[in-house]
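> My questions all concern the structure below.
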Amino acid sequence: MKFTYFHLMPFDGLPDDFTTNHRSVWVDIPPSLQDVPRIHRLYNEYLDELEYAATKGFDAIGVNEHHNSGYGLMCSPNMMGAALARRITDTDAKLLVLGDAVCLYNPPIRVAEELAMLDVISGGRLITGFPLGSSSDANFAYGVKPATMREQHREGIELVLRAWTEPEVFSFNGRFTKLRYVNPWPKPLQNPHPPIWTPGSGSLETMDFAIEMNSPFFLLSYFGAKFATDNFRKYWDRVEKAGMDQNPYRTGMVQVVMVGDTDAEAKRLYEEHAKYFFQRCTHIYPAYTEAPGYKSVESLKEVLPKPGAASASRADSFAAAQKYSWDQMVDMGIIIGGSPDTVRERLEAAGRENSIGNWVLLMQLGSMPKDLAMYNIDLFTEKVMPGLSDVFSNHQHHWWPKPIAGFSPAEVASVRREVRV
């Protein structure tokens, strides 16, 4: 198994009455709630945590993109990737940008250029992922038309791949982007290009696109083991019908993980921060979750409650998760939390049941302070990860950065300060 320490960079200063007095953490969250000096501190603490995870042996560290949101403060994953790229060169960690929603960039050649720069700066360590983008970010914050969003997404990825691989200057004449000269400098260090992962929330179209791209499908889910199992069953059925092998590294999943010395200590340490995240950071006005046309009718049918279901709520609804206790979230697998043995056993069981080779872990959540995030990293890397790294070792990971033949990375000097008298 491969493990990425992933960060949302949430805002930790949402007031106690946030859900009562404000309708959404996304899109129209009041600007008056911003505490910019506090965000300055948070950015630097969050970068410290990511760098620390790299030194502690995580296979990768990861960043992402959100807009108009207290849920996640990274409006530019590439800027955060740039802040990290030089700082991890003395570790074995890779850099996962999961990632750039290409339909938010006009023209999307900018994505190709910036990611190529990150790959070169980091010494060929970049892993990329191109999410469609949440409806809150794309349709409401950035004004992308939902009806044409997937077509624009596919076209943007086509441009990025051609920009990385075409040996000559070329013209691009798409429906959404028209460029007379495509000639990015530099191209990526990895040849032919950095590995691409395909993240999604469970839409059948995203699964099919991942299979078409021969790219790992990553489930972005906070909704527990049963929800994940249903989605991976659909995905593996489609992989089999496409005549492709069931390599566990074709899949990945975002998972909240919180480790304590004991199950009781994990609950004591992390419960309030989990509640902050699920009650405030995911407090989204329902109309912002999916604009009409964002998801196909076929995919909607897959997530809507079936006739006679015990609950009228969708399985992928944050509204349901906001009401759960810590024990309920642990029982459902929304949080894999507890002692090192408990966490290791549950991660391995979920991984084997669903053939999940890549885990993108959220280990800093909501209002969690830096020292507690560091403690979580320590326990996981020292007492959980060693027992899981060899799971699926009989399979080859075809979607992982590979060393460049004959490449020797540059030495990165530490900052020197001269004292002038």
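Bear in mind these aren't lab numbers, they're just calculated from the coordinates by the rules spelled out. In this text the structure is predicted, and so the values were computed from the model without any measurement. Virtual Cβ from ideal backbone geometry, glycine too; neighbours counted across all protein chains shown.
> With respect to T381, determine if the residue is part of a helix (DSSP H, G or I), farther than 30 Å from S69 by Cα and in contact with a Lys or Arg (Cβ under 8 Å, 6 or more places away or on another chain).
On the way: part of a helix (DSSP H, G or I): yes; farther than 30 Å from S69 by Cα: yes; in contact with a Lys or Arg (Cβ under 8 Å, 6 or more places away or on another chain): yes.
Taking the combined requirement at face value, the residue satisfies it.
> Being hydroxyl-bearing (S, T, Y), over 27 Å from T282 (Cα atoms) and without any contact (Cβ under 8 Å) to a residue 12 or more places away in the chain is true for just one of S393, S355, S389. Which residue is that?
S393
> Could you please let me know if G133 is farther than 14 Å from M149 by Cα and crowded, with 21+ Cβ neighbours inside 10 Å?
In short, no.
> Within the range 360-383, does at least one residue satisfy the condition of being surrounded by fewer than 20 Cβ atoms within 10 Å (Cβ to Cβ), closer than 13 Å to D59 by Cβ and out of contact with any Phe, Trp or Tyr (no Cβ under 6 Å at 6 or more places or on another chain)?
Among the residues of the range 360-383, at least one is surrounded by fewer than 20 Cβ atoms within 10 Å (Cβ to Cβ), closer than 13 Å to D59 by Cβ and out of contact with any Phe, Trp or Tyr (no Cβ under 6 Å at 6 or more places or on another chain), which makes the answer yes.
> Determine whether the range 1-21 contains at least one residue that is in contact with a strand residue (DSSP E or B) (Cβ under 8 Å, 6 or more places away or on another chain) and without any contact (Cβ under 8 Å) to a residue 60 or more places away in the chain.
There is no residue in the range 1-21 that is in contact with a strand residue (DSSP E or B) (Cβ under 8 Å, 6 or more places away or on another chain) and without any contact (Cβ under 8 Å) to a residue 60 or more places away in the chain.
> For the range 106-117, does any single residue satisfy the condition of being crowded, with 19+ Cβ neighbours inside 10 Å, in a loop (DSSP other than H, G, I, E, B), over 19 Å from the mean Cα position of the chain (by Cα) and in contact (Cβ under 8 Å) with a residue 24 or more places away in the chain?
Yes: one or more hits.
> Select from the range 170-186 the residues that are assigned to a strand (DSSP E or B) and surrounded by 10 or more Cβ atoms within 10 Å (Cβ to Cβ) and list them in ascending order.
Correct list: F170, F172, K178, L179, V182.
> Which condition number does S135 fail, the rest of (1) under 24 Å from S69 (Cβ atoms); (2) in contact with a strand residue (DSSP E or B) (Cβ under 9 Å, 6 or more places away or on another chain) being met?
Only one criterion is unmet by S135, namely (2).
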